[in-house]
Amino acid sequence: MTQDPSDKPKGQAQGQAMWGGRFSAKPSDLMQAINVSIGFDKRLWAQDIAGSKAHAAMLAKAGVISSADEAEIQRGLDTVRGEIEAGTFPFRDEYEDIHMNVEARLRELIGPTAGRLHTARSRNDQVALDFRLWVREAAERSAAQIDDLIGALLAKAEAHADVLMPGFTHLQPAQPVTFGHHLMAYVEMFGRDAGRFRDARERMNECPLGAAALAGSPFPIDREMTAKALGFARPTANSLDSVSSRDFALEALSAASICATHLSRLAEEIVIWSTPQFGFVRLSDAFTTGSSIMPQKKNPDAAELIRAKVGRILGSLTTLTVVMKGLPLAYSKDMQEDKVPTFEAFDALELALLAMAGMVRDLEPNVERMAAAAGAGFSTATDLADWLVRKLDLPFRDAHHVTGAAVKRAEQLGVDLAGLPLAELQALNQGISEDVFEVLTPAASAGSRVSYGGTAPSEVRAQIKRWKDSLR
């Protein structure tokens, strides 16, 4: 049956909230303004309908409602879903949240039978379910988007596994590395990020539906059935914890914050590398913008905006942590503030991940500029010290001292270590021979680092293969 929107069940006066039976007056406009959440939690409509459909099916199987009532409820929920998908659903502030909006529309469509749907559940376990489903999907989506970014990094690293560049500490030239090796460092970071999201997803994969308001239900419900129907591994084991915990969202936001930090570090390097002073990479027009006054400018705005996202995402984690820190069990209305920061954080993370993957695919290294910089700052000094240890059996500290003196002399002569005359080196240690120059080039330095996880091109390619195999 179809009911006129103005119809109300017996005992529910026109304009009165669905929970308003013991109230004699409406909330004030200010109370309505601070209380209403449909403006943001309507985003949970798909999760809300999925949970209601699973709950109705369980109630019917348990004999709590009739099969005829279940069929009506399922039909009505399908209609509501169709209206929302079509953009014709009448979201209304008077019904506060997505749960009441769906239920009110269901009552308009099928009449009083809609009221049976809320048997053996509360808005407390309903919102805990909806939000958990949403965060679970967000974690899955983030992990997949990180995998895509890793794929972009692997492709770029493989294409440039032997391209030389300076490795830095303190942003000062340290030792030569390869561009492929540098990119693979981020593959490792983002790989851990994807793992954190997947770990968090496993921990949150318990269904709170059936916990009701806080104490469980006296009806013969089957929580295993609803958990299975909604793709959960099991139902939650404690009804108080089910409705009062948001640590699943905190854990997901923590993973998002760490991932955003890694994105920000890579974005910062791209900003630095793309400056004329470095000139290590060229960015495509797709991820840069110009200046309104300086025609020559090509600004790395995508990288800069990604770099800024960590503030928004970390802020969301802080917001929810502060909301939850002082709440007694079980549910408090403070927890309505869990959704906006979480939605905003994952919106920002998704955009940043997609933009970074696109930027990585498009950027091209300036191979000649990188190679020229790879030997700057006496970056092969450690190779000289290592040669002295291997060939002359000097203690490393003595070799370190001789090498420091060699660097000082090279600075005085205005040359790099490879350009220092043999006689100058022998003045520091008579045992130094001509073959020392074989280790003093950036290519020789990088190629010699064949330890597991090192920068040698052969090791970089081995790590790329390991990652490609794991992603497959």
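The values are calculated or read from the model by the stated rules, or taken from the named source; none is laboratory data. Computed from a predicted structure; not experimentally measured. Reconstructed Cβ throughout: ideal geometry from the backbone, glycine too, with neighbour counts over all protein chains shown. Surface accessibility is based on the protein's heavy atoms, side chains included, excluding ligands, DNA and RNA. Shrake-Rupley method; radii C 1.70, N 1.55, O 1.52, S 1.80 Å.
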Those residues of segment 224-240 which are open to solvent by 50 Å² or more (accessible area, probe 1.4 Å) and without any contact (Cβ under 8 Å) to a residue 60 or more places away in the chain, in sequence order: Glu224, Lys228, Ala233, Arg234, Ala237, Asn238
Flagged in segment 444-460 as within 27 Å of the chain's Cα centre (by Cα) and in a helix (DSSP H, G or I), in numbering order, are Val460
Verdict on Ala372 being open to solvent by 40 Å² or more (accessible area, probe 1.4 Å) and either at pLDDT 90 or above or assigned to a helix (DSSP H, G or I) (or both): yes
For the structure I just gave you, tell me whether Ala138 is within 29 Å of the chain's Cα centre (by Cα), closer than 20 Å to Ala229 by Cα and crowded, with 16+ Cβ neighbours inside 10 Å. yes
Does Leu305 satisfy the criteria of being in the same structural domain as Leu253 (by the TED database) and surrounded by fewer than 18 Cβ atoms within 10 Å (Cβ to Cβ)? yes
Determine if segment 327-348 includes at least one residue that is surrounded by fewer than 17 Cβ atoms within 10 Å (Cβ to Cβ) and under 30 Å from Lys156 (Cα atoms). yes
Scan segment 58-74 and tell me whether some residue there is surrounded by fewer than 18 Cβ atoms within 10 Å (Cβ to Cβ), in a helix (DSSP H, G or I) and touching an Asp or Glu at 6+ places or on another chain (Cβ under 9 Å). yes
So Leu77 passes all but one of these: (1) free of Cβ contacts under 8 Å to residues at least 60 places away in the same chain; (2) of a type in the set (A, V, I, L, M, F, W, C); (3) open to solvent by 10 Å² or more (accessible area, probe 1.4 Å); (4) not in a loop (DSSP other than H, G, I, E, B). Which condition number does it fail? (3)
Inspect segment 252-272 for any residue being part of a loop (DSSP other than H, G, I, E, B), surrounded by fewer than 20 Cβ atoms within 10 Å (Cβ to Cβ) and either among the aliphatic types (A, V, I, L, M) or in the same structural domain as Ala54 (by the TED database) (or both) and give the result as yes or no. no
Please give the number of the condition Glu424 fails out of (1) assigned to a helix (DSSP H, G or I); (2) modelled with pLDDT of 95 or more. (2)
Mind counting the residues in segment 133-170 that are part of a helix (DSSP H, G or I) and hydroxyl-bearing (Ser, Thr, Tyr)? 1
